[in-house]
Each structure stands twice: as C-alpha cells, then as structure tokens.
Amino acid sequence: MTKAQRHYCMSQIHSSGTKPEVRLRKMLWHAGFRYRVNVSRLPGRPDIVLPKYRTTVFVNGCFWHGHQGCRMYVVPKTNVEYWEKKVAANRERDQQAWRRLEALGWYVITVWECELGAGKIEQTAEKVIAEIKANREKYLRGLEERKKAVLEWKG
C-alpha cells in the first residue's frame, strides 16, 4: 500500500457504531434491555451503558486492543515498534477506565470482536445477558447492605 492508500483505509475505521457493537446492541435490545450508547460523562466512554443494571459494556476490536491469543490480533510487519506501543497504550487506557468505573460502583463487561462473529454471537449474547442480570442482583444487594448500615448507624 502507498501512504495515501493506507491513510484512506485508516480513516475509514471508526471508534463507535462498529458492526460488532451494533450486533450486540441489537441482541440486547431484543432481549428487553434498554441502554445508552457512548456515555461521555463516564470514564472510558463505554460503548453500552445499562444504568438500571449499573453495568457498562466495552466492545473491543481484537486488533486495536491487542486480544492475546486471537487470530485477529497480529502486529503489522512494518513499523512494529509504533504498533506495539500504540496497542500497549490502548490496553493501559482501557485498564485505567475499568478501574475508575469500578471505583464509581459500575460493573464492567468486555466483549471482544471475535466473540461476535457469525457462529458465536448467540452464545456470547447469552453470556453477556446472564452477567448483566447477575450485576443487577449484586447492585441491589449492595444497596440493601448500605441501607442497613445507615439504619444501624442512626439507630
């Protein structure tokens, strides 16, 4: 590829509204979940936010986020040092966002692009839905415990 061709290809890659993300959103919507998309006031600007379940979902591209052991993550043969640094910085940024979200009381789910392929999407959606529901239960239990603690403190 020439520099101009590579520039054009890279300019066509977007960070939100990707095919894997849209596939998962449709599965969640049809399962009855209502969510917000790319909420900028939360750390890391999660792809999907389910406030009722206190859960955020990140749909990560295997190449851009360095999915270890995945056939879709291969370091390019040219400019290797640049790409390794870029992917490492993406991973570090992801981890910081997840830690900040968890510190704010949010549960974080990460779904990889390769898990949303043709043969795997139903299984992945079921796993994500189960995790979202479990997060809701944990969140409600935590609320109850906090209420009891406040009542004991006051009483």
When every residue in segment 127-145 that is farther than 21 Å from Val39 by Cβ and under 16 Å from the mean Cα position of the chain (by Cα) is compared, the one surrounded by the most Cβ atoms within 10 Å (Cβ to Cβ) is Lys127
Can we say Glu92 is at pLDDT 95 or above, farther than 17 Å from Asn38 by Cα and either charged (D, E, K, R) or more than 13 Å from the chain's Cα centre (by Cα) (or both)?
-> yes
Which one is farthest from Met1 (Cα to Cα) among residues in segment 74-96 that are in a loop (DSSP other than H, G, I, E, B) and either acidic (Asp, Glu) or free of Cβ contacts under 8 Å to residues at least 12 places away in the same chain (or both)?
-> Val74
Mind checking whether some residue in segment 17-24 is modelled with pLDDT of 90 or more, touching a strand residue (DSSP E or B) at 6+ places or on another chain (Cβ under 7 Å) and not in a helix (DSSP H, G or I)?
-> no
State whether the residues of segment 67-79 include one that is within 26 Å of Glu137 (Cβ to Cβ) and either modelled with pLDDT of 90 or more or among the aliphatic types (A, V, I, L, M) (or both).
-> no
Number of positions in segment 86-107 that are more than 26 Å from Val75 (Cβ to Cβ), hydrophobic (A, V, I, L, M, F, W, C) and surrounded by 17 or more Cβ atoms within 10 Å (Cβ to Cβ) = 2
How many of the residues in segment 52-73 are surrounded by 13 or more Cβ atoms within 10 Å (Cβ to Cβ) and part of a helix (DSSP H, G or I)?
-> 1
Note on segment 19-38: residues touching a residue at least 12 places away in the same chain (Cβ under 8 Å) and out of contact with any helix residue (DSSP H, G or I) (no Cβ under 9 Å at 6 or more places or on another chain) are Arg25, Asn38
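The values are calculated or read from the model by the stated rules, or taken from the named source; none is laboratory data. Predicted, not measured: the structure shown is a model, and the values here were computed from it. Cβ atoms come from the backbone with ideal geometry, glycine included; neighbour counts cover every protein chain shown.
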